[in-house]
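Below is one structure, written out as structure tokens; the observations come after it.
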Amino acid sequence: MNYATSLKSITEKVVEGIITSSSLSNDILGSNFGFKIKELSRSRFDRRNSYLKEGIEWHFGNEDLSWGVDFGIGYSKHQIDITTDSKYLCYRYTFVDYIFYEVELLTDEEVEDLKEKIRLDEIERNRIKQLVERLTQVLVNEMYPYSKLFTGELEIKHGIHLKQIQRSEHRFMRYVPQHGKEEWVANRVLCWGSNTGWDITRDGKIACCRVNYDDYINFEIETLTAEQIEEYKSKFGGSVDKPLVDRLSTLKEIFERGLITEEVFMQKKEAILSEL
């Protein structure tokens, strides 16, 4: 596909309504349509004419753009407009908010790189989701005893290591539920005493526990590799569960034969390792 054909394709998809307001993300535009946009300006008025040069027009220039409301016959249903040279986009975000973008085509290599980035980001999101779900159960719901932190159980059984980064009174703590900009899973006052109160941030990066009345500890949450888990097993006398090893070997063989995607392979592998 040559440059001119690519530009025409972009214009057609906007005019036909294939590219909608929900598509105005560079990840979506790049991976699905082969171009990206850069915001140039915002205006409370329709200033489409200020982006025109001789011989160039807006496709819906004689219409007031919609702002996501369908008033029926006689009113425009188009929220997005594009110039005939496909260089500029206009998006009417609200009744009094117009956003203007510059359009830039991506090379085939850039599109493939973007798709790979999106794939890896999705794998990472799934990893974090599983991590948060697992630690929510083990730490927050079951109130994991602070005394067991140094037994290697978290590392061997769950593949997680908590690295202490601060211990102090409540007023000096960097990360505490109900304070700061971080989002917490439970976001409540932590218990103390016979039960260790825990909470973790929703991004799976920080854990906080309350050991005594004014004794708080912050940890960085680290996900261990299979090799690191084996090191903890050697250190604390843990042993490898043979059936799990067999399952991992089978899973790897299925993946290498191309019967499942890498994403599915990583998800299944994480699930198996979580049973250690």
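In region 159-215 the Cα-Cα distances spread across 5 Å bins starting at 0 as 4, 20, 30, 28, 15, 3, 0 percent of all pairs. Note on region 3-106: Rg/Rh from C-alpha atoms, Kirkwood Rh, equals 0.94. One equal scatterer on each Cα of the chain, no solvent, Debye formula: the resulting log10 I(q)/I(0) at q = 0.07, 0.13, 0.15 Å⁻¹ is -0.47, -0.92, -1.02.
Calculate, for E54 and R119, the FRET efficiency according to 1/(1 + (r/R0)^6) with r their C-beta to C-beta distance and R0 35 Å; round to the nearest 0.05. Don't jump to the answer; show the numbers that get you there.
Working: r = 44 Å, r/R0 = 1.25.
Step by step, r from the Cβ atoms, then E = 0.20.
Just list whichever of K36/K77; K115/K163; K36/K129 have alpha carbons separated by over 32 Å in the model shown. Going by Cα-Cα distance, K115/K163 fall outside the 32 Å limit. Modelled spin labels at E102 and N126, positioned 7 Å past Cα toward Cβ, are 3.8 nm from each other. Rounded to the nearest 0.05, what FRET efficiency do D64 and L40 have when you use their Cβ-Cβ distance and R0 = 22 Å? The calculated FRET efficiency here is 0.60. Using C-alpha pairs under 8 Å with a sequence gap of at least 6, the mean separation divided by the residue count of region 116-239 gives a relative contact order of 29 percent.
Suppose R0 equals 35 Å; then what is the FRET efficiency for E262 and E142 from their Cβ-Cβ distance, rounded to the nearest 0.05?
On the way: r = 32 Å, r/R0 = 0.93.
After rounding, the FRET efficiency stands at 0.60.
Calculated mean residue ellipticity, 222 nm, the chain: -10000 deg cm²/dmol, from DSSP H runs (n ≥ 4) at -39500 (n - 2.57) each, averaged per residue and rounded to 500.
Only Cα pairs under 8 Å and at least 6 apart count here; give the relative contact order of region 48-145 as a rounded whole percent. Don't jump to the answer; show the numbers that get you there.
Numbers: 88 pairs, mean separation 15.6, N = 98.
Value for region 48-145: 16 percent.
What you get for the chain, charging only the Cβ of Lys and Arg (+1) and of Asp and Glu (-1), is a dipole of about 780 debye around the Cα centre.
Just rank F35, F95, F265, fewest to most, by other beta-carbon atoms within 10 angstrom.
Working: F35 22, F95 10, F265 17.
Sorted ascending by nearby Cβ count, the order is F95, F265, F35.
Annotation: extensible slack from D215 through D203 equals 1.9 nm (criterion: 0.36 nm per residue apart, minus Cα-Cα distance).
A short reminder: the numbers here are calculations on the coordinates, not readings from a lab. Just so we're clear, the structure is a prediction, and the values are computed from it rather than from any experiment. Note: ideal-geometry Cβ built from the backbone for every residue, glycine included; neighbour counts use all protein chains shown.
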